[in-house]
Each structure stands twice: as C-alpha cells, then as structure tokens.
Amino acid sequence: MDTQQPNQNPIVAPQPHGFLKQMEDFFDTYLHKKVPFHLPPVAKEWIVKFGPWITLVLMIFGALAMLAAIGLSAVFSPVAKMYGGYGNQITYLLGALIGLIAFIMEAVALPGLFKRSLKSWHLVYYAVLVSAVGQLIDGSFINLIFNVVISMYFLFQIREYYK
C-alpha cells in the first residue's frame, strides 16, 4: 500500500515569461549584478523589514490624496471645461486609471511583503512597470526614467531576501 502524501506544496508564485522575463533579467543584470554600488546588507535588511510599514503609511496618505483629487476635480471640472482646461481628458483619465491599478497591485502585495514572499515582490515589480506605462502615456519622460531607475534599483537590491 502506497503511503505517500499527495504533493502539499503551497501555491508557487507565477514566474514571468517572455518579454517580462527579459526585462527582469535586464534589470537584474544592470541594477544588481553589474551596478558599481551595492547597498550594504544592513541597509537591505532595514528596507525589507521596514519598507512594508513605510509603504503602508504612504499608501494611506496616497489614498487620502486620491480622494481629495477626485473631490477637487469634481468641483472644478465644470469651470475648467468652460475655460478650455484639461486639454485631453482621455489621457488624464487613462493616467488616473493606470495609477489606480498600480496602487491596487501594491496594496495586494503588501501582506506578502511582510512575509517576504517572492510573489509579492513580483507584484511590486509589476506595479512599477504599470506605473511606468502611465508616466509614458502622460509624457512625463524625465519622471519615467528617474522613477523606474530608482525603484528598480532598490527592488533588485533586496530581491534576494524574498523567497
């Protein structure tokens, strides 16, 4: 009689494929392996330990800011429209939607970041990529480069702490 248990492995984080995998490999090579300045292990541990808490606080303030922006845009939208403001509203709404998607992805990743889950690390990585698309649509090219390089640098410096 076979007494082996069925495979009881927990859910494994989906691994990126194709273009996303190539991008992850690119960032890993140039922002972790070949970068001339690595964060010291103490700094990495600090980021992994306190980063989720800092993210939580910033997300609360971000949610309050989003609600305030929605309220202000509802109040001033008729006036702005009357005077030709908002330019291309589709771009504005698309940027806001993409920002909301990135915000939700980070919120979903937050519990796993406390547990040092690689799946949650990937969600934050994808949220940065989604946010980059939003900045590309907005035409914020300087912000796009600055934010992606800094975010990806820190993400790939601490990746080894997530399993």
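The values are calculated or read from the model by the stated rules, or taken from the named source; none is laboratory data. Quantities reported herein were computed from a predicted structural model and do not represent experimental measurements. No Cβ is skipped: glycine too gets one built from the backbone with ideal geometry, and neighbour counts run over all protein chains shown.
Scan the stretch 147-163 for residues that are of a type in the set (Phe, Trp, Tyr), in contact with a Phe, Trp or Tyr (Cβ under 8 Å, 6 or more places away or on another chain) and in a helix (DSSP H, G or I) and jot them down.
The first filter runs over the stretch 147-163 and keeps only residues of a type in the set (Phe, Trp, Tyr), leaving 153-154, 156, 161-162.
Now restrict to residues that are in contact with a Phe, Trp or Tyr (Cβ under 8 Å, 6 or more places away or on another chain): 156, 162.
Selection gives Phe156 alone.
Which of the residues spanning the stretch 131-146 are assigned to a helix (DSSP H, G or I) and closer than 24 Å to Ala107 by Cβ?
Ser131, Ala132, Val133, Gly134, Gln135, Leu136, Ile137, Asp138, Asn143, Leu144, Phe146
Of a type outside the set (Val, Ile, Thr) and modelled with pLDDT of 85 or more: is that true of Leu123 in this structure?
Yes: the conditions hold for Leu123.
Where residues in the stretch 133-158 are of a type outside the set (S, T, N, Q) and buried (at least 19 other Cβ atoms within 10 Å of the Cβ), which of them is nearest to Asp28 (Cα to Cα)?
Only one residue tops the list, namely Phe156.
How many residues are without any contact (Cβ under 8 Å) to a residue 24 or more places away in the chain and either under 14 Å from Ile158 (Cα atoms) or surrounded by fewer than 18 Cβ atoms within 10 Å (Cβ to Cβ) (or both) when one looks only at the stretch 108-122?
Qualifying residue count for the region: 3.
For the stretch 86-95, state whether one or more residues are crowded, with 18+ Cβ neighbours inside 10 Å and modelled with pLDDT of 90 or more.
No, because not a single residue in the stretch 86-95 is crowded, with 18+ Cβ neighbours inside 10 Å and modelled with pLDDT of 90 or more.
Give me the pairs, please: first residue somewhere in the stretch 131-153 and at positive phi, second residue anywhere and modelled with pLDDT under 90 and surrounded by 13 or more Cβ atoms within 10 Å (Cβ to Cβ), beta-carbon distance under 8 Å, and either six or more positions apart or on two chains.
Nothing qualifies.
Would you tally the residues in the stretch 145-163 being closer than 15 Å to Gly51 by Cβ, aliphatic (A, V, I, L, M) and in contact with a helix residue (DSSP H, G or I) (Cβ under 9 Å, 6 or more places away or on another chain)?
So the count comes out to 3.
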